[in-house]
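The values are calculated or read from the model by the stated rules, or taken from the named source; none is laboratory data. Remember, predicted model here, so these are calculated numbers, not experimental data. Ideal geometry is used to build each Cβ from the backbone, glycine not excepted, and the neighbour counts take in all protein chains shown.
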């Protein structure tokens, strides 16, 4: 199929098919960027959790060393709480501070996923609209004398390309969206786990100080 034919099909859909490559490119760009970003966070988070798990008290020096390895990452905000408030000896107050840090970081991990969600929903609807416009143009041919049946069936087939394109964008986007949302949930779970570990080791820290 030549380039001029592709342009003709796109024009018959009311220009909807010109939007599909943009949506597909946006879907792939956001998906790959978020996948790379969240994969790095998950890898560093697992290392931090394993190290904190081996501690029997809040070792501020060790937490400071861990903080250097996760700078500008969501887990860093959780690690900074006991470092910025070393005087906190109450489990509830420390837990509240840690929960505040987690809540402030969640939007950062969830960033741009709303665009992916929008593309997944919008692409099939735009494809359907393009198909309706294409079919409307095809049936207009019926009013012309000497119309061959192949002109109508060919026009309908070309109109369905818009729906197929929208479904392709939606399928690819939905796969990435579900995978990325699962990774975000796992990262929030890691932060909640780290929060619980830090609170549980507060007693060990107090006992060490009294000894």
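See the values below:
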| quantity | calculated |
| --- | --- |
| Test: residue 92 is outside any loop (DSSP other than H, G, I, E, B) and over 22 Å from the mean Cα position of the chain (by Cα) | yes |
| Positions within the stretch 157-171 being in contact (Cβ under 8 Å) with a residue 24 or more places away in the chain and surrounded by fewer than 18 Cβ atoms within 10 Å (Cβ to Cβ), in sequence order | 160, 164, 167, 168 |
| Selected residue [assigned to a helix (DSSP H, G or I), at pLDDT below 90 and in contact with a helix residue (DSSP H, G or I) (Cβ under 8 Å, 6 or more places away or on another chain)] from 58, 75, 104 | 75 |
| Which listed residue, of 146, 154, 134, is in a helix (DSSP H, G or I), at pLDDT below 85 and out of contact with any helix residue (DSSP H, G or I) (no Cβ under 6 Å at 6 or more places or on another chain) | 154 |
| Matching residues in the stretch 61-72 - criterion: being part of a helix (DSSP H, G or I) and under 17 Å from residue 105 (Cα atoms) | 67 |
